[in-house]
Amino acid sequence: MMTEGSEVILSVRDLTAEVDGTPILKGMSLEIKAGEIHAIMGPNGSGKSTFSKVLAGHPAYEVTGGEVIFQGQNLLEMEPEERARSGVFLAFQYPLEIPGVSNLDFLRVAYNSRRKHQGLEELDAFDFDELIQEKLDVVKMDSAFLSRSVNEGFSGGEKKRNEILQMAILEPKLAILDETDSGLDIDALKIVANGVNQLANPENAMLVITHYQRLLNYIIPDRVHVMANGRIITSGTKELALELEARGYDWLLEAETAEVAV
Amino acid sequence: MSAAVKTLVNQPYKYGFVTTIETDTIPRGLNEDVIRLISSKKNEPEFMLEFRLRAYRHWLKMTEPTWPHVTYPAIDYQDIIYYSAPKQKAKKNSLDEVDPALLETFEKLGIPLSEQKRLTNVAVDAIFDSVSIATTFREKLAKEGVIFCSISEALHEYPELVQKYLGSVVPIADNYFAALNSAVFSDGSFVYIPKGVKCPMELSTYFRINSGDTGQFERTLIVAEEGSHVSYLEGCTAPMYDSNQLHAAVVELVALDNAEIKYSTVQNWYAGDENGKGGIYNFVTKRGLCQGVNSKISWTQVETGSAITWKYPSCVLVGDNSVGEFYSVALTNNYQQADTGTKMVHIGKNTRSTIISKGISAGHSKNSYRGLVKMSPKAEGARNYSQCDSMLIGDNAQANTFPYIQVQNHTAKLEHEASTSKIGEDQLFYFTQRGISQEDAVSMMISGFCKDVFNQLPMEFAVEADRLLSLKLEGSVG
Ligand SMILES: Nc1ncnc2c1ncn2[C@@H]1O[C@H](COP(=O)(O)OP(=O)(O)OP(=O)(O)O)[C@@H](O)[C@H]1O
Ligand SMILES: [Mg+2]
């Protein structure tokens with residue numbers, strides 16, 4: 001994809017963050033331009049989910065240094081709901097169950113809070129219903145899911161699909177997908193990838209966290225980053241993902257330790 | 001601030017004002033002379049004085065219960081004023097004769113009593129400290145044969161009815177607080193629905209404690225004759241004082257064959273401040289007797305106020321096929337303590353009961369559900385369904401469930417479900433990440449949690465209850 005000269009959507013520089021006094025992010029730097037899809041891979045516990053939650057503003061994580069600029073704004077100064085309303089979306093690795101709140105109400109309130117922020121009129125129940133039917137088709141979800149409580153009793157794969165449905169409704173500027181492909185059967189994987197590809201356009205950006213090269217057969221990344229121990233240790237094109245699949249992470253980690261030792 | 005769920009800050013209590021008014025107040029303390037004085041001030045029939053004295057003598061021999069899961073400093077019963085009434089003409093012929101300060105007080109509380117402004121389909125009995133000051137729509141109700149008046153008036157106008165039923169559901173020595181109430185109660189509401197009548201409007205009593213040292217002991221008696229129907233509502237507020245006030249009420253309901261009583265409460269007594277100072281001690285005995293076949297009594301309560309709540313609206317299901325229901329939302333915040341639940345005593349055949357209890361605890365509060373389901377030997381085919389759900393907000397609140405089950409008939413069936421959920425940082429983050437504010441998130445989750453109970457409330461009050469809970473929890477997270 002041609003991205004020369006496009007607008008920078010997200011710029012992260014030397015970001016460090018800790019949780020309960022334990023440093024987790026140790027100098028993350030990354031830049032994503034409009035129209036780009038980036039992938040982050042890396043071993044368990046390397047800090048991928050932490051990075052995504054710090055971007056979204058989870059209150060348990062304390063940013064100790066560095067900066068994050070989102071569309072020219074200092075993202076770190078914004079409340080989580082402001083970030084969301086400005087177009088930051090996080091598809092969670094482990095979506096929560098919200099008993100007693102219907103999926104439809106949740107989606108409508110979320111959608112209208114974004115509309116309001118954009119200075120647009122809020123949609124009433126009827127207009128919203130039309131919109132949602134259309135988006136349900138994108139993720140091939142049955143409308144029965146709308147009347148159920150948010151994620152309650154959903155299977156693992158259904159929860160992930162529900163995340164994509166939310167993304168499709170909210171049409172974010174920056175979508176962060178944290179292992180949305182984990183636990184999906186092959187058909188669901190295609191549906192999710194298709195949802196992502198339908199949303200991708202020259203104006204927005206995607207950050208896809210995954211362990212599996214196979215997702216990247218469907219969602220073609222412009223850049224692939226490898227995270228270890230709280231920072232990006234190497235970046236490359238989609239071929240890097242293939243190489244990782246074949247060789248694992250050890251060779252990179254060894255190279256990294258050697259480098260530090262010098 | 002990394003731990004996002006912080007200590008709770010209450011929305012200021014908006015009913016905390018005090019009305020300045022001249023009162024007729026008796027000296028502090030309790031003895032037989034005080035009881036005689038109360039009875040004579042009210043010009044009661046002789047049987048009432050005897051009832052009071054018998055109750056008092058029992059009370060002297062009883063001890064305050066210690067089993068509830070609540071703690072509070074010892075109450076000095078000699079330091080309480082047992083009777084205080086706004087000074088005004090003994091008998092009011094119309095609202096024009098009610099002290100304007102009192103009318104204004106109720107207006108401020110959202111209960112307009114004047115002809116022009118009153119709620120269109122709700123008749124109200126307004127009780128200020130120890131006495132009833134006005135009852136609306138009396139004539140309209142009288143046309144249907146419905147009696148709705150203060151219990152003091154009922155003692156004069158319908159003494160046989162009162163004598164027949166008073167203490168028939170909650171005997172004078174039932175428990176410590178019921179005995180105290182029976183000895184000193186000053187007013188309350190009386191409702192009588194004649195045979196076959198569907199009460200044409202909601203009946204409601206609004207209790208207002210004003211004085212800081214007066215205990216409030218009111219007594220409510222509702223009798224529904226064969227095939228009759230009534231929906232009754234109770235609301236309450238009190239000023240904010242640093243000291244605690246005692247409220248020990250007794251409510252008795254009697255439903256005869258095929259009769260139905262629906263009793264709803266939205267309790268919003270002052271709960272004390274955010275450090276637990278002040279607030280009402282709410283020690284209440286509420287019991288309904290389904291005496292007739294196919295009768296039904298249904299309790300719905302939304303408990304949001306009081307420093308301490310001790311309350312178990314119960315049903316005694318004597319008539320075959322009778323039905324008892326208990327729907328409850330109890331919310332505690334800051335340092336509030338609630339020990340509340342129900343008793344369903346199945347005596348008749350094929351009696352059925354449903355218990356839906358929703359406890360919400362925030363701040364440093366303690367919220368306990370205590371419920372008894374008893375299936376007596378003759379309760380052939382009786383059934384009970386109980387569901388007790390707790391929701392915790394933050395990390396410092398407590399929720400407990402104490403279910404008691406006694407089954408003496410093997411054909412009886414019981415089902416019990418329970419759950420505990422939590423509104424924690426991660427749930428809230430899930431909402432905020434989707435652009436929904438924390439306040440909206442909490443109110444969406446609470447509404448969802450309480451839905452099954454709110455659905456039971458008369459419509460206007462369901463909206464009110466929903467709003468009340470959101471207000472109470474405003475600023476409680478984040
Ligand atoms: N609350 C916490 N207290 C202490 N350590 C934490 C806390 N939360 C996360 N961590 C640690 O931070 C590290 C990074 O976790 P994170 O979830 O970001 O990893 P990840 O790269 O997403 O891993 P995975 O591939 O398994 O999803 C882990 O070692 C984890 O144990
Ligand atoms: Mg992760």
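The values are calculated or read from the model by the stated rules, or taken from the named source; none is laboratory data. Nothing here was measured: the structure is a model prediction, and the numbers come from that model. Virtual Cβ from ideal backbone geometry, glycine too; neighbours counted across all protein chains shown. Accessible surface is based on the protein model in full, side chains and every heavy atom, while ligands, DNA and RNA are left aside. Shrake-Rupley method; radii C 1.70, N 1.55, O 1.52, S 1.80 Å.
Couple of notes before you dig in:
- Qualifying residue in segment A:64-76 (condition: within 16 Å of ligand 1 (Cβ to nearest atom), surrounded by fewer than 18 Cβ atoms within 10 Å (Cβ to Cβ), assigned to a loop (DSSP other than H, G, I, E, B) and not β-branched (Val, Ile, Thr)): no
- Failed item, numbered, when residue A:58 is tested on (1) without any contact (Cβ under 8 Å) to a residue 24 or more places away in the chain; (2) more than 16 Å from ligand 1 (Cβ to nearest atom); (3) in contact with a helix residue (DSSP H, G or I) (Cβ under 9 Å, 6 or more places away or on another chain): (2)
- For segment B:436-452, the set of residues classified as facing chain A (nearest Cβ under 7 Å) and more than 28 Å from the chain's Cα centre (by Cα) consists of B:436, B:437, B:440, listed by residue number.
- Criterion: within 16 Å of ligand 1 (Cβ to nearest atom), under 30 Å from residue A:129 (Cα atoms) and open to solvent by less than 10 Å² (accessible area, probe 1.4 Å) - qualifying residue of A:39, A:91: A:91
- Every test in (1) within 14 Å of ligand 2 (Cβ to nearest atom); (2) within 25 Å of residue A:85 (Cβ to Cβ) is passed by residue A:183 save one, and that test is (2).
Okay, residues lined up against (1) free of Cβ contacts under 8 Å to residues at least 24 places away in the same chain; (2) more than 8 Å from every other protein chain (Cβ to nearest Cβ):
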position	(1), (2)
B:409	no, yes
B:413	no, yes
B:421	no, no
B:424	no, yes
B:427	yes, no
B:430	yes, no
B:434	yes, no
B:456	no, yes
B:462	yes, yes
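- Residue within segment A:39-52 that is away from ligand 2 (no atom under 16 Å from the Cβ) and either outside any strand (DSSP E or B) or under 21 Å from residue A:159 (Cα atoms) (or both) present: no
- For residue A:99: the one exception among (1) more than 8 Å from chain B (Cβ to nearest Cβ); (2) open to solvent by 50 Å² or more (accessible area, probe 1.4 Å): (1)
- Residue, surrounded by the most Cβ atoms within 10 Å (Cβ to Cβ), within segment B:61-79, restricted to residues that are farther than 28 Å from residue B:401 by Cβ and among the charged types (D, E, K, R): B:79
- Selection count, segment A:136-151, where residues are of a type in the set (Lys, Arg) and at pLDDT 90 or above: 1
- Flag for residue A:121 being facing chain B (nearest Cβ under 8 Å), away from ligand 2 (no atom under 16 Å from the Cβ) and farther than 30 Å from residue B:449 by Cβ: no
- Check on residue B:142, without any contact (Cβ under 8 Å) to a residue 12 or more places away in the chain, over 18 Å from the mean Cα position of the chain (by Cα) and farther than 17 Å from residue B:280 by Cα: yes
- Every listed requirement among (1) closer than 30 Å to residue A:128 by Cβ; (2) at the interface with another protein chain (Cβ under 8 Å from one of its Cβ atoms); (3) within 16 Å of ligand 2 (Cβ to nearest atom) is met by residue A:60 save one, (1).
- Residues that are touching a residue at least 12 places away in the same chain (Cβ under 8 Å), more than 16 Å from ligand 2 (Cβ to nearest atom) and part of a strand (DSSP E or B) occur at least once in segment A:79-97.
- Every pair of residues 6+ apart whose Cβ atoms lie under 6 Å, when the first sits in segment A:173-197 and is within 14 Å of chain B (Cβ to nearest Cβ) while the second is within 16 Å of ligand 2 (Cβ to nearest atom) and outside any loop (DSSP other than H, G, I, E, B): A:176/A:52; A:176/A:90; A:176/A:207; A:177/A:91; A:177/A:208; A:178/A:49; A:178/A:52; A:178/A:209
- Here is the figure for segment B:400-434: residues that are outside any loop (DSSP other than H, G, I, E, B) and either crowded, with 21+ Cβ neighbours inside 10 Å or not small (Gly, Ala, Ser) (or both) total 24.
- Only listed residue being polar (S, T, N, Q) and either within 16 Å of ligand 1 (Cβ to nearest atom) or open to solvent by less than 30 Å² (accessible area, probe 1.4 Å) (or both), chosen from A:147, A:86, A:155, A:143: A:86
- Condition met for residue A:239 (within 30 Å of residue A:138 (Cα to Cα), open to solvent by 60 Å² or more (accessible area, probe 1.4 Å) and within 16 Å of ligand 1 (Cβ to nearest atom)): no
- Number of the exception - residue B:171 against (1) at pLDDT below 95; (2) within 19 Å of the chain's Cα centre (by Cα); (3) open to solvent by 10 Å² or more (accessible area, probe 1.4 Å): (1)
- Residue check, residue B:341 touching a Ser or Thr at 6+ places or on another chain (Cβ under 8 Å), in contact (Cβ under 8 Å) with a residue 40 or more places away in the chain and assigned to a loop (DSSP other than H, G, I, E, B): no
- The single condition from (1) modelled with pLDDT under 95; (2) more than 10 Å from ligand 1 (Cβ to nearest atom); (3) open to solvent by less than 10 Å² (accessible area, probe 1.4 Å) that residue A:28 fails is (1).
- Any hit, segment A:127-137, residues being within 16 Å of ligand 2 (Cβ to nearest atom) and either open to solvent by less than 30 Å² (accessible area, probe 1.4 Å) or among the polar types (S, T, N, Q) (or both): no
- Exclusive hit being away from ligand 2 (no atom under 16 Å from the Cβ) and open to solvent by 50 Å² or more (accessible area, probe 1.4 Å), set A:114, A:108: A:108
- Where strands (runs of 3 or more DSSP E) fall wholly inside segment B:274-319, the ranges with 2 or more residues that are out of contact with any Lys or Arg (no Cβ under 9 Å at 6 or more places or on another chain) are B:279-290, B:308-311.
- Among the residues of segment A:170-180, the one identified as out of contact with any helix residue (DSSP H, G or I) (no Cβ under 6 Å at 6 or more places or on another chain), among the hydrophobic types (A, V, I, L, M, F, W, C) and more than 16 Å from ligand 2 (Cβ to nearest atom) is A:174.
- Of all residues in segment B:1-40, those satisfying the criterion of being at pLDDT 85 or above and open to solvent by less than 30 Å² (accessible area, probe 1.4 Å) are B:29, B:30, B:34, B:35, B:38, B:39.
- Residue in segment A:176-198 that is nearest to residue A:57 (Cα to Cα), counting only those that are within 16 Å of ligand 1 (Cβ to nearest atom) and of a type outside the set (A, V, I, L, M, F, W, C): A:178
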